[in-house]
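Below is one structure, written out as structure tokens; comments come after it.
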Amino acid sequence: MKIDVIGDIHGCLEELHELFDKLHYVWDSDKHIPIHPDGRIPVFIGDLTDRGPNSIEVIDLVYKMVIEHDYAKYVPGNHCNKLYRYFLGNKVKQQHGLETTVAEYKHLNSKQQKLIRHHFMTLYEKAELYLQLHDVNAVIAHAGISEKLIGSTSKKVKTFVLYGDITGETHPDGRPVRRDWAQDYAGDQWIVYGHTPVKEPRVVNKTINIDTGCVFGNKLTAFSLPEETTVSVKSNQSFLEEKFSHFE
Ligand SMILES: [Mn+2]
């Protein structure tokens, strides 16, 4: 098995297309999805939507790749969880980017709305919280996972993989305080994750954060296994310095 894990897309469809091109995927004219000639498997790390310009089309493409053609893999992120709760009809605050996805959704006609809602909910419901891919000796989890939680499906694991190792406290600007769990990781499986924007892919022990903040104007990154290489494309969005993590 050879995989390309794709970082947080947040509606950046153009950059996603560019990334697939750079990874030498070829668009299949019948299926309307990118396919790698060597059978490489794309793995989406979650946070497909919100803030960026084309969230609905990203859902559409990922649904086709993961569900319709059973070709790619996907784990959910916190933004996916929130959009799912919105589609369930739960009261969720339309902020932190959800408002852009909802605005796109409301521009669709009712038939299109029904379809995209059904597609996204199916994608989310069929997804595992995180993936253990033994062939490439890796665990794929949106916000990472601590060594002792690997294999567990507890509520604690759900919080960790969606939000990271949060303390329950917040920074003065409202961002949650997160522990730098990667520093304590001593396992020999790769932990591939995103969620916290960094300017460069961040490798600590055998963990790698590939959320290079595409929607904040930096870049969209993929991490390939077993090669252990990253490939990035430049973002077309405006750069917002304050959105990037200052973990050393
Ligand atoms: Mn996230």
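Laboratory data are not the source of any read-out in this text; all were calculated from the coordinates shown. As the structure is a computational prediction, the values presented were derived from the model and not from experiment. Don't worry about glycine lacking a Cβ; one is built from the backbone with ideal geometry, like all the others, and counts go over all protein chains shown.
Considering all different alpha carbon pairs of segment 57-156, the Kirkwood hydrodynamic radius works out to 15.0 Å. Count the net charge of all other residues whose Cβ sits under 12 Å from the Cβ of residue 50, scoring Lys and Arg as +1 and Asp and Glu as -1. After counting each charged neighbour, the total is -2.
The Cα center of segment 180-248 and the Cα center of segment 79-93 differ in position by 26 Å. Going down the list 82/114; 82/156; 31/111; 31/64, which pairs span over 20 Å between their C-alpha atoms? Going by Cα-Cα distance, 31/111 fall outside the 20 Å limit.
Label positions at residue 121 and residue 239, each projected 7 Å from the Cα along the C-beta direction, are separated by 4.3 nm.
Each part gets one Cα centre, and for segment 18-46 versus segment 99-157 those centres are 19 Å apart.
Annotation: the residues 152, 235, sorted from fewest to most other C-beta atoms within 10 Å of their own C-beta, follow the order 152, 235. Length gained on full extension, residue 185 to residue 204: 6.0 nm, using 0.36 nm per residue less the C-alpha separation. Hull volume per residue, based on the alpha-carbon atoms of segment 102-162 and their convex hull, is 116 Å³. Take the Cα radius of gyration of segment 89-214 and divide it by 2.2 N^0.38 Å, N being the number of residues; the result is 1.22. For segment 72-125, the convex hull drawn through the C-alpha positions has a volume of 87 cubic angstrom per residue.
Going by neighbour counts of Cβ atoms within 10 Å, the residues 139, 66 line up, fewest first, as 66, 139. For segment 18-109, the Stokes-Einstein estimate of translational diffusion at 10 °C and a viscosity of 1.306 mPa s comes to 111 µm²/s, using the Kirkwood hydrodynamic radius over alpha-carbon pairs. For the chain, the spread of Cα coordinates along the three principal axes comes to 49, 45, 36 Å, biggest extent given first.
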